[in-house]
Amino acid sequence: IKKAIDNNIPYSIINDKEFNNKDLFEQQIINILKSNEIELVVLAGWMKIISEGFVNSFKNKIINIHPSILPSFKGKNAIKDALNEGVHLTGCSVHFVETEVDSGKLIIQGVLPIMKNDNEESLIKKIHLLEHKILPYGISEAGYFIRNPIKDKN
């Protein structure tokens, strides 16, 4: 918010605790996004499952960053699941959002090795650094995809 204020960027604060249910909360978000003619919704650190209605309101215009190499380790415990499974590689994925959790067309993935001394905390830090590298590219690609009607959208 401070960055938005410092750069004269409009913003809204929508607290889910101020709504009686998820549908009203999401509808408020949808109304604000539509009234501001938002072209792309980026879910980064969102950690909530959005409804089918929300997804359909912005079909092919919502992207998410997820801390695994999708389709492996979907859901909120992806890093812990990768460690428990004993895989040697992990990373993060930027993808278009569909109604099924952590599904949708992949835009970009970043990969890194899991070292023997890694734990959940160290891996979270490494993946966050990688997410910061690939998310801007994912946003750019999604923007091109949305604005270019000739590009295959399937």
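The values are calculated or read from the model by the stated rules, or taken from the named source; none is laboratory data. Treat the numbers as computed from the prediction; the structure is a model and nothing was measured. FYI the Cβ positions are ideal-geometry reconstructions off the backbone, even for glycines, and counts take in every protein chain you see. Heads up: the accessible areas ignore ligands, DNA and RNA and are worked out on the full protein's heavy atoms, side chains in. Shrake-Rupley method; radii C 1.70, N 1.55, O 1.52, S 1.80 Å.
Numbers at a glance
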read-out: Percentage relative contact order, the chain, counting C-alpha pairs under 8 Å, at least six apart; value: 18 percent
read-out: Stokes-Einstein D in µm²/s, Kirkwood radius over Cα pairs - the chain at 4 °C with 1.567 mPa s viscosity; value: 77 µm²/s
read-out: Using distinct alpha-carbon pairs, which all enter the 1/r mean, Kirkwood radius of segment 80-154 in Å; value: 13.9 Å
read-out: DSSP beta bridge pairing in the chain, given as percent antiparallel to the nearest 5; value: 80 percent
read-out: Sparsely packed trypsin sites (Lys or Arg not before Pro) within segment 11-58, loop by DSSP, other Cβ within 10 Å at most 16; value: LYS48
read-out: THR90, THR99, reordered so the largest accessible area comes first (probe 1.4 Å); value: THR99, THR90
read-out: Within the chain: Cβ-based charge dipole about Cα centre, in debye rounded to nearest 20 (Lys, Arg +1; Asp, Glu -1); value: 300 debye
read-out: Solvent-accessible area per residue, Å², over segment 1-151 with all protein chains present [probe radius 1.4 Å]; value: 65 Å²
read-out: Nearest-ten-degree value, helix 22-35 long axis tilted from longest Cα axis of the chain; value: 70 degrees
read-out: The chain: angle of helix 120-147 to the longest principal axis, Cα-based, in degrees nearest 10; value: 40 degrees
read-out: Centroid-to-centroid separation of segment 24-63 and segment 116-134 [C-alpha atoms, Å]; value: 27 Å
